[in-house]
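What follows is a short report on a single structure.
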Amino acid sequence: MEAEIRDKICKKIIPKIEPFGEFYYFNCFYSSLIPVILLYNKSIMPILINGIFTYRINHEIDDLCLCAGYEHITNLKDILNEQGIVLNAKEKSNCIIDDIINSISSERPVITWVDCFYESIRDDLYMKEHWRHSILYYGFDLSERLFYIIEHDKRDDIEYRKKTISFEDVINSYQGYLKHFHQNNTMSYIDFSCLNLISDKVDMEQYKNKYLENFRLSKKKIDKGLVTLKDTIDKLLELIDDEDLLSQKCEKILLGFNDIIEAKRTEKYLVTRLFGESNTKIAMLDEVATHWKAVRAVFARYIYSNIYRQKSFFNAKNSLKDICNIELEYYGSMLKL
């Protein structure tokens, strides 16, 4: 590798690529992908209308960890191809440093999967916890042996920033991902190019019709998610009355609340652009988000104070009941359009 590096330009940065922080969509991969889409002057709407929000249980965390799920209708590669963005992916990179340098030298930003356990710039996870994550690379400096990346500081932080990462950390975190997380026939290395930099013609009426079509196609998953919502809320109402069990599960359940609240913020962003700010659906989404934030605040306050405030949890129970009723009304109204 060293001999090859000496023959390359010393420093390269792909210009005009910026972190995206208006909302967090689905998972960290999309936080890496959206800046690439915007770099090429393309709309993120085709990505957003392709994912329909549903409720699900994250059993890996806890059987009461209600969180956000998405039903994706069309393959991501096909969506990007329609926009003129070419996704070049491979299952594994045998020379990760060389591959990233070659891609960036050809003006192709790169996303790789990593294990944050080996990423020294991640104080929250470095040498503490194995965590599957993606990184967007947009530049390199051979003399300093580092890459320019877009990354965040903490797992629950949606604010991404421009940072640098050493070659050594890239090798270790990438190999760590392959060792601990990689599955056959899944891609760990992706770079991007664009056939044209002409801005998309944004047709909101067309996007709205496609979103509603995807909504109808997802009806079974939506209905299943609403059943999951109701069943889990019923269990949470019982849990709130059992302080001993609540203290055991509260922190894990709170992770799901954070996930839902962020997903609802994304859903509002999308629905506002499709239907307008004055639409009654926006008011319903706002009301749901307000209730989820109120419930989250009660659970968080209990975790940090270890004081069970009966009145606060009584209010949280009412909010949970309201969430269930509003969501049933909201999704019912969407499916009628």
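The values are calculated or read from the model by the stated rules, or taken from the named source; none is laboratory data. Keep in mind the model is a prediction, meaning the values are calculated, not measured. Neighbour counts are summed over all protein chains in view; Cβ atoms, including those assigned to glycine, are modelled from backbone coordinates with ideal geometry.
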What number of residues within the range 23-64 are in contact (Cβ under 8 Å) with a residue 60 or more places away in the chain, charged (D, E, K, R) and within 30 Å of Leu236 (Cβ to Cβ)?
2
Is there a residue in the range 278-295 that is surrounded by 19 or more Cβ atoms within 10 Å (Cβ to Cβ), over 21 Å from the mean Cα position of the chain (by Cα) and among the hydroxyl-bearing types (Ser, Thr, Tyr)?
no
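Do the conditions hold for Ile79, that is, is it outside any loop (DSSP other than H, G, I, E, B) and buried (at least 21 other Cβ atoms within 10 Å of the Cβ)? Talk me through it step by step, then tell me what you get.
Details: outside any loop (DSSP other than H, G, I, E, B): yes; buried (at least 21 other Cβ atoms within 10 Å of the Cβ): no.
Taking the combined requirement at face value, the residue does not satisfy it.
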Is it the case that the range 274-295 has a residue that's of a type in the set (Lys, Arg) and part of a loop (DSSP other than H, G, I, E, B)?
no
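Does Leu38 meet the test of being among the aliphatic types (A, V, I, L, M) and touching an Asp or Glu at 6+ places or on another chain (Cβ under 8 Å)?
Yes, satisfied.
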What's the total number of residues in the range 230-250 that are in contact (Cβ under 8 Å) with a residue 12 or more places away in the chain and over 18 Å from Arg309 (Cβ atoms)?
4
Here are some residues: Arg309, Arg273. Which one is basic (Lys, Arg), in contact (Cβ under 8 Å) with a residue 60 or more places away in the chain and assigned by TED's automatic domain parsing to the domain that holds Leu226?
Arg273
(1) within 17 Å of Glu107 (Cα to Cα); (2) in contact with a Gly (Cβ under 7 Å, 6 or more places away or on another chain); (3) crowded, with 16+ Cβ neighbours inside 10 Å: which one isn't true of Tyr55, the others all being true?
(1)
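Hey, among Ser193, Ser218, Ser199, which residue is farther than 30 Å from Ser305 by Cβ, touching a residue at least 40 places away in the same chain (Cβ under 8 Å), surrounded by fewer than 15 Cβ atoms within 10 Å (Cβ to Cβ) and of a type in the set (Gly, Ala, Ser)?
Within the list Ser193, Ser218, Ser199, the selection yields Ser199.
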Test result for Asp259, part of a helix (DSSP H, G or I), in the same structural domain as Glu327 (by TED's automatic domain parsing), without any contact (Cβ under 8 Å) to a residue 60 or more places away in the chain and acidic (Asp, Glu)
no
Only one of Lys293, Lys268, Lys221 that is closer than 16 Å to Cys67 by Cα and touching an Asp or Glu at 6+ places or on another chain (Cβ under 9 Å)
Lys221
Quick check on the range 164-172. Is at least one of its residues within 18 Å of the chain's Cα centre (by Cα) and of a type outside the set (A, V, I, L, M)?
no
Quick check on Ile323: is it surrounded by 17 or more Cβ atoms within 10 Å (Cβ to Cβ) and under 18 Å from Cys65 (Cβ atoms)?
yes
